[in-house]
Amino acid sequence: AKEPVRVLVTGAAGQIGYALVPMIARGVMLGADQPVILHMLDIPPAEEALNGVKMELVDAAFPLLKGCIFIIMWFKFQMVLLRCVVATTDVVEACTGVNIAVMVGGFPRKEGMERKDVMSKNVSIYKSQASALEQHAAPNCKVVVVANPANTNALILKEFAPSIPAKNITCLTRLDHNRALGQISEKLNVQVSDVKNVIIWGNHSSTQYPDVNHATVKTPSGEKPVRELVKDDAWLNGEFITTVQQRGAAIIKARKLSSALSAASAACDHIRDWVLGTPEGTWVSMGVYSDGSYNAPAGVIYSFPVTCGNGEWTIVQGLAIDEFSRKKLDLTGAELTEEKELAYSCLS
Ligand code: NAI
């Protein structure tokens with residue numbers, strides 16, 4: 001039997017957390033033969049709700065959710081508890097020994113708040129959680145930041161956890177990627193699993209650039225470019241892009257709550273592909289520490305097309321970028337540079 005993997009979910013009492021933890025416990029993230037130990041973190045005001053989630057996890061009797069001998073002697077003077085879930089408001093306890101960290105907890109923008117105030121709250125959260133992960137997570141822990149501003153929160157986490165390799169710190173743009181696949185599949189009336197290789201470039205914000213120039217669809221007569229099948233450049237260069245960019249707002253309008261099940265599912269896709277690898281000939285979008293590929297700004301967390309194998313992502317190189325795309329890559333890159341400056345101004 002496989003050794004259990006410890007998965008941290010921060011903000012676990014929230015909406016995405018509630019959708020995400022059962023997916024992880026069912027093997028959606030790491031596979032149906034991979035036992036897991038969940039570490040759930042939230043803040044004291046949500047402690048009771050977090051406990052409720054823990055109760056439901058027990059009640060769901062998930063076979064993959066494993067008991068563990070969790071020795072927490074060194075900071076709480078108790079030891080050897082047999083339990084399947086760590087539900088806590090203590091960051092150190094939550095981060096101890098985790099192999100995977102899904103960072104969903106953050107400070108949401110509230111009405112009337114300045115961007116800088118929201119940034120400042122999240123910078124301080126991600127700074128302290130970075131230190132806890134750095135000191136207590138398992139070596140080679142993989143991190144995905146979901147909480148907004150996702151790219152910049154991930155950058156702060158990276159900056160304040162210098163001993164965690166930059167390659168291990170990512171942010172979620174897979175939801176946007178999946179939304180783009182979904183839109184193409186609806187437009188062409190084909191199975192979403194037959195559509196592949198869309199790209200989300202840049203920031204997980206409304207400046208992101210959903211790019212279909214290299215995307216294909218599996219048809220009875222072989223793989224065909226999306227552009228050739230859609231035959232509607234005006235839609236692809238207009239409504240398609242804005243629909244994907246603004247899908248989050250459309251969900252809020254319809255549900256009166258932000259996307260949760262699709263975000264949770266995307267977080268599972270992100271980690272699964274990173275750990276288990278992408279299928280041959282297929283890439284996915286991930287926010288990763290930019291090396292300046294495609295002339296994106298270096299030193300920000302920028303979403304690129306990546307393939308994964310042996311637990312590592314690699315940016316897909318050599319894709320042609322036309323003039324229309326160039327402008328969009330630059331625009332979202334400029335926003336990330338500006339966000340980085342704003343985040344740094346909150347530090348001083
Ligand atoms: P929510 O408000 O329902 O849940 C957030 C949870 O985080 C709450 O339980 C809160 O108590 C907790 N929290 C706050 N500060 C914390 C801290 N310092 N440590 C641990 N937990 C903390 O929000 P929801 O809907 O679950 O969304 C979570 C985040 O994900 C938001 O920032 C949202 O904007 C973002 N998001 C990102 C997406 C992406 O594609 N990257 C998609 C959808 C949402």
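The values are calculated or read from the model by the stated rules, or taken from the named source; none is laboratory data. Treat the numbers as computed from the prediction; the structure is a model and nothing was measured. Don't worry about glycine lacking a Cβ; one is built from the backbone with ideal geometry, like all the others, and counts go over all protein chains shown.
General observations
- Considering only residues in segment 26-49 that are within 8 Å of the ligand (Cβ to nearest atom) and within 21 Å of the chain's Cα centre (by Cα), the one that is nearest to Cys268 (Cα to Cα) turns out to be Leu41.
- Some residue of segment 205-219 being within 30 Å of Glu134 (Cα to Cα), within 22 Å of the chain's Cα centre (by Cα) and assigned to a loop (DSSP other than H, G, I, E, B): yes
- Of all residues in segment 289-338 being farther than 19 Å from Ile241 by Cα and in contact with a Cys (Cβ under 8 Å, 6 or more places away or on another chain), the one that is surrounded by the most Cβ atoms within 10 Å (Cβ to Cβ): Ile301
- Residues located in segment 280-303, provided they are part of a strand (DSSP E or B) and farther than 12 Å from Gly202 by Cα: Val284
- Hey, Phe160 aromatic (Phe, Trp, Tyr), more than 17 Å from the chain's Cα centre (by Cα) and either within 16 Å of the ligand (Cβ to nearest atom) or under 23 Å from Trp313 (Cα atoms) (or both) or not: yes
- The set of residues in segment 83-142 that are among the polar types (S, T, N, Q), outside any helix (DSSP H, G or I) and away from the ligand (no atom under 14 Å from the Cβ) comprises Thr96, Asn99, Asn140.
- Residue selected from segment 181-231 under the condition of a type in the set (S, T, N, Q) and over 30 Å from Ala154 (Cβ atoms), by the criterion surrounded by the most Cβ atoms within 10 Å (Cβ to Cβ): Thr219
- Considering segment 278-288, the residues that are of a type in the set (Val, Ile, Thr) and over 14 Å from Thr173 (Cβ atoms) include one that is surrounded by the most Cβ atoms within 10 Å (Cβ to Cβ), namely Thr278.
- Residue match in segment 165-179 (condition: hydroxyl-bearing (Ser, Thr, Tyr) and more than 12 Å from the ligand (Cβ to nearest atom)): no
- Candidates Ala154, Ala147, filtered to the one that is within 16 Å of the ligand (Cβ to nearest atom), in a loop (DSSP other than H, G, I, E, B) and among the aliphatic types (A, V, I, L, M): Ala147
- Per this entry, Ala32 is counted among residues that are of a type in the set (Gly, Ala, Ser), modelled with pLDDT of 95 or more, closer than 30 Å to Leu276 by Cα and out of contact with any helix residue (DSSP H, G or I) (no Cβ under 8 Å at 6 or more places or on another chain).
- Hey, Met23 of a type in the set (A, V, I, L, M), within 16 Å of the ligand (Cβ to nearest atom), closer than 22 Å to Ser259 by Cβ and not in a helix (DSSP H, G or I) or not: no
- The set of residues in segment 250-273 that are over 20 Å from Gly17 (Cβ atoms) and touching a residue at least 12 places away in the same chain (Cβ under 8 Å) contains only Asp273.
- Residue selected from segment 1-20 under the condition part of a loop (DSSP other than H, G, I, E, B) and more than 10 Å from the ligand (Cβ to nearest atom), by the criterion surrounded by the most Cβ atoms within 10 Å (Cβ to Cβ): Pro4
- Considering residues of segment 242-279 that are among the aliphatic types (A, V, I, L, M) and assigned to a loop (DSSP other than H, G, I, E, B) only, the residue farthest from the ligand (Cβ to nearest atom): Leu257
- Scanning segment 180-204 for residues that are assigned to a helix (DSSP H, G or I) and farther than 18 Å from Lys328 by Cα returns Leu181, Gly182, Gln183, Ile184, Ser185, Glu186, Lys187, Leu188, Val192, Ser193, Asp194.
- Contacts under 7 angstrom Cβ, first residue in segment 181-197 being of a type in the set (Ser, Thr, Tyr), partner in a strand (DSSP E or B), 6 or more apart: Ser185/Val195
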